[in-house]
Each structure stands twice: as structure tokens, then as C-alpha cells.
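Okay, so here's the structure we're looking at.
The values are calculated or read from the model by the stated rules, or taken from the named source; none is laboratory data. For clarity, every value in this text was computed on a predicted model and none was experimentally measured. The protein model used for the area step is the full one, side chains on, heavy atoms only, and it has no ligands, DNA or RNA in it. Shrake-Rupley method; radii C 1.70, N 1.55, O 1.52, S 1.80 Å.
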Amino acid sequence: MKKNFMTLAATAALAVTMFTSCATINSGAALAEKAPIGQKVGEAQSTYFLGLWSSKGEQNNIKQAAENGGIKKVTQVEYVDQSILGGLFIKHTTRVYGE
């Protein structure tokens, strides 16, 4: 009975770990002293599988995010990472603000 309980508890802990997700936001300070954030926002996204393969290759960068938002002068950059299924998939978003 005790062995079955321990097996069930371990299985439940593993399932909870695998099906939870986590998100982090790394926001850089404004690139210029006291610079406004800006009215335009641009994003570039990619999804990584096991940290080895990216759905968009090298297209998830500041330049691509600025082009997607029609931004010529970048004032702030944010990186958002969301871990899905315990890190099996990672959704990476580069978000830029500017004019």
C-alpha cells in the first residue's frame, strides 16, 4: 500500500511539473537617458523545441521586431520567454518600442 502511494505521488508530481508553464519578462532599461518608451510596438517570435531547434531560425531579433512594428528609432527592448511542458517548448518573443 505504501509503495503504491509513493508511486502515485511521484507520478502526480511529474505530471504537475510537465503540464505547468512559466513566463519571464526581461525588460531592458530605456536605451537613452529618460527616453520615452515610444508609441509603436513591434514583435518577433519563435518557438524552440528542446532548446535545439527554432521555428523561425535567426529571425527573432531586435531588427526583425523593429521592422515588424515599423519602428526606425528603438527606445526600449523586452524579451519574453514562456516555458511550456516543463521546458519541452520555449516560446521566445522580442518586443521593441520606439518611433
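Some notes on this structure:
- Rolling a 1.4 Å probe over the protein chains gives VAL41 an accessible area of about 80 Å².
- The stretch between ILE84 and LEU50, if pulled fully straight at 0.36 nm per residue, gains 11.2 nm over its current Cα-Cα span.
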